[in-house]
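The values are calculated or read from the model by the stated rules, or taken from the named source; none is laboratory data. What you are looking at is a predicted structure, and each value in this text was computed from that prediction instead of being measured. Backbone-built Cβ (ideal geometry, glycine too); neighbour counts: all protein chains shown. Heavy atoms of the whole protein, side chains included, go into the accessibility calculation; ligands, DNA and RNA do not. Shrake-Rupley method; radii C 1.70, N 1.55, O 1.52, S 1.80 Å.
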Amino acid sequence: MNKPYLVVEWNDTETDAQGWLVVHNFIKGYTGGGTRMHPSVTREEVIRLAKAMAYKYVANDSGTTGGCKAGISYDYKAPDAYAVLRRFLIAMMPYIDIGVSLGSDLGTKYEDVLKIFNEFGIEIPLTKSMKHNPAVLHGIKEFERLMKTSIDGLPLYDAVTGYGVAFSADEAWKFKNGKGGARVVIQGFGCVGASCALKLSQLGYKIVGISDANLLVTCDDGLDVQKLLTHKNGYGEMDQDYFEPNYTVRPNSDWLHVDCDILIPCALEDVINESNADTVKAGLIVEAANIPISSDGDQIIKQRGIDIVNDFVANLGAIRFYDAVIFGLVKPDPQSVIEDIEKLCRKNTYRLFSEAKEQNRYQRDVAYEIFKPEVSDLVEFADPSEKVQLG
């Protein structure tokens, strides 16, 4: 299962945008993954992301869903970004309607994805059998209700992935017998980076550096994460007008130069690579972003003996939220959702670190064995009378 099951290429008719839908595998006719929009997106990247999603769904421990991913090579800040996303999803609608469940990822918003689905009579992508399953339909209603709720002042959907990363980081740090008040650097301050920073600060960690698309802000005494969160803009960027006098502003490319115990990349792929992996100062990397370490960079991290919690173990909060509620695996309230994610992330992280220690092996190598997807089903073909009307 190293090759993707399906790769679909899209070329926009009105801009130079290009996009790809990649399905790595189906389980019971169903597959899920986010939709990424960024100028750097490539076909190869989307293939790698879809594979990671297949592993992530094994770690998700639900047995309901395969892995897929969509990516659009376009500027997510462009005025017509929503229109480009809409045209892409319309092109993918035949796949979406039979059980390719696309959500949001870097550069897109889940509410926008759902709005486009709703425009064409789709609430949430489902297989034919799921569309006629009363329990699943009830779960969808509960999921939609929970999408309107908050926890710790954050929309629940914006919190779940970052909180899961924080729980994974805490479990790994405790396994390493790390000292209290460990110093953390967060690269990327969108939904995942911001919620991860907030939860880690609640758990007693000191966030000494945060970078976004514009800058890096550092403070040896720890940043006021809540204040930075309250005043960030819609792109996840921080507002310098609200920085404290003891904060230092540096170029956002300097995030690897900050002394820290734990490093958490939360944005783009391959940001740790052959050119900079030897400068990592942390003893633990927790991958909040998907594939943030290139294969060449990973060999350097491995050789240096730096511990990692890899992406499909750490950042599965959003898909666990979706599966656990829709398939009735958890009580549908915000606190139960977070407690369920915490339990799963801690369990997987402890298992990963325990087996890596016992085998004296690098965590990523172990993760690819213990969470390897073994199922690749076919799609469920919809009834010909159940067609999506486009246009």
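Report, to the nearest whole %, how much of the accessible area of the chain belongs to carbon and sulfur atoms, 1.4 Å probe, protein only.
Working: 7730 of 16130 Å².
The computed percentage sits at 48.
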statement: For GLU144, the accessible surface traced by a 1.4 Å probe with all protein chains present amounts, in square angstrom to the nearest 10, to 60 Å²
- request: Might you tell me the accessible area per residue for the chain, computed with a 1.4 Å probe and given in Å²?
  value: 41 Å²
field: Three semi-axes of the equivalent ellipsoid, the range 27-165, Cα gyration tensor, whole Å, largest first
entry: 22, 18, 17
message: On C-alpha positions alone, give me the angle between the axis of helix 43-59 and the longest principal axis of the chain, in degrees, nearest 10.
response: 90 degrees
- prompt: In square angstrom, rounded to the nearest 10, how much accessible surface does SER40 have for a 1.4 Å probe?
  reply: 50 Å²
field: With Cα atoms, 0 to 90° folded angle of helix 317-326 axis to the chain main axis
entry: 40 degrees
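Please compute the alpha carbon radius of gyration of the range 1-91, then divide it by the globular-protein estimate 2.2 N^0.38 Å. Two decimals is fine. Don't jump to the answer; show the numbers that get you there.
On the way: Rg = 13.5 Å, N = 91, 2.2 N^0.38 = 12.2 Å.
Rounded to two decimals, the normalised Rg is 1.10.
Name the shape class, rounded, prolate or oblate, that the alpha-carbon gyration tensor gives for the range 330-376, where a ≥ b ≥ c are the square roots of its eigenvalues, rounded holds for a/c under 1.5, and otherwise prolate holds if a/b is larger than b/c and oblate otherwise.
On the way: a/c = 4.54, a/b = 1.81, b/c = 2.51.
Because a/c hits 1.5 or more and a/b fails to exceed b/c, the range 330-376 counts as oblate.
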query: Average projected area of the Cα convex hull of the range 115-269, in nm²?
result: 11.7 nm²
Given charges at beta-carbon only (K, R positive; D, E negative), |dipole| of the range 44-113 in Debye: 100 debye
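Take the residue pairs LYS69/LYS357; LYS206/LYS232; LYS176/LYS206; LYS115/LYS232; LYS28/LYS131 and return only those whose Cα atoms are more than 22 Å apart.
Details: LYS69/LYS357 32 Å; LYS206/LYS232 19 Å; LYS176/LYS206 17 Å; LYS115/LYS232 24 Å; LYS28/LYS131 13 Å.
Violating the 22 Å Cα-Cα cut-off are LYS69/LYS357; LYS115/LYS232.
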- prompt: Points 7 angstrom from Cα along the Cβ direction at THR15 and GLU244: gap in nanometres?
  reply: 3.9 nm
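Across the chain, where is the longest run that never hits chymotrypsin sites (Phe, Trp or Tyr not before Pro) in a DSSP loop with at most 13 other C-beta atoms within 10 Å? Please report the intermediate quantities before stating the final value.
Values: sites that count: TYR235, PHE381.
Longest site-free region, per DSSP loop and neighbour criteria: 1-234.
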D_trans [Stokes-Einstein, Kirkwood Rh over alpha-carbon pairs] for the range 254-391, 20 °C, 1.002 mPa s, µm² s⁻¹: 123 µm²/s
message: Under the rule of at least 5 residues apart or a separate chain, name every residue whose amide H is placed under 5 Å from the amide H of ARG36.
response: ALA70, GLY71, ILE72
- request: Could you bin all the Cα-Cα distances of the chain into 10 Å bins starting at 0 and give me the percent of pairs in each, rounded to whole numbers?
  value: 5, 24, 35, 25, 9, 1, 0
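At 222 nm, what helix-only mean residue ellipticity would the chain give, in deg cm²/dmol to the nearest 500, using -39500 (n - 2.57) for each DSSP H run of four or more?
Mean residue ellipticity at 222 nm (helix-derived): -12000 deg cm²/dmol.
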message: What do you get for the angle between helix 334-359 and the principal long axis of the chain? Use alpha-carbon atoms, 0 to 90 degrees, nearest ten.
response: 70 degrees
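What are the equivalent ellipsoid semi-axes of the range 183-240, built from the alpha-carbon gyration tensor (square roots of five times its eigenvalues), in whole angstrom, biggest first? Display every interim value, and only then the final one.
Details: eigenvalues 52, 28, 18 Å².
Ellipsoid semi-axes (Å, largest first): 16, 12, 10.
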